[in-house]
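Student: Sharing a structure here in structure tokens format.
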Number of protein chains: 2
Amino acid sequence: METTLAVRGMTCGHCESSVKGALESIEGVEGVEVSLDTGKVNVIYDEATANIESMREAVEDQGYDVVV
Amino acid sequence: METTLAVRGMTCGHCESSVKGALESIEGVEGVEVSLDTGKVNVIYDEATANIESMREAVEDQGYDVVV
């Protein structure tokens, strides 16, 4: 399964790493690609294990807003 | 002794932490205050041990420019 989150507030490579790391630590998340320019975060995941709500929480816990 | 570095490229709290941490790890540096808004970094240091050139290097190693 694949989804794209729109994340607000990422300004630099550190932000990118924080968001990427938080998402990758979720069980069932298999791949994460972050575009700083657009704020788009593409996530490939196993829908039997991971869900979008947990992704949203993980990103928000890092201090960023998920705009959907 | 006290100096103010003008640092370019800090965009977020992670950047602030990187710069602060790098400067604080220099022997002789006793206090660091970073203003993200202005890019100004105030450093209190023992001039017998630390020098501005090593501060500049530490900040640049983190990927930021020191504009003096």
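Student: Quick one: which strands (runs of 3 or more DSSP E) lie wholly within chain A and hold at least 2 residues that are open to solvent by less than 70 Å² (accessible area, probe 1.4 Å), touching an Asp or Glu at 6+ places or on another chain (Cβ under 9 Å) and away from every other protein chain (no Cβ under 14 Å)?
Tutor: Correct list: A:29-34, A:40-45.
Student: What are the pairs, 6+ residues apart or on separate chains, where a residue within the range B:18-44 that is within 17 Å of B:Arg8 (Cβ to Cβ) has its Cβ under 7 Å from a residue that is in a loop (DSSP other than H, G, I, E, B)?
Tutor: From the range B:18-44, the pairs are B:Ser18/B:Gln62; B:Val19/B:Met10; B:Val19/B:Gln62; B:Val19/B:Tyr64; B:Ala22/B:Gln62; B:Leu36/B:Met10; B:Gly39/B:Met10.
The values are calculated or read from the model by the stated rules, or taken from the named source; none is laboratory data. No experiment lies behind these values; they were computed from the predicted model shown. Please note: Cβ atoms are built from the backbone with ideal geometry, for glycine as well, and neighbour counts cover all protein chains shown. Areas reflect the complete protein model, heavy atoms only, side chains present, ligands, DNA and RNA absent. Shrake-Rupley method; radii C 1.70, N 1.55, O 1.52, S 1.80 Å.
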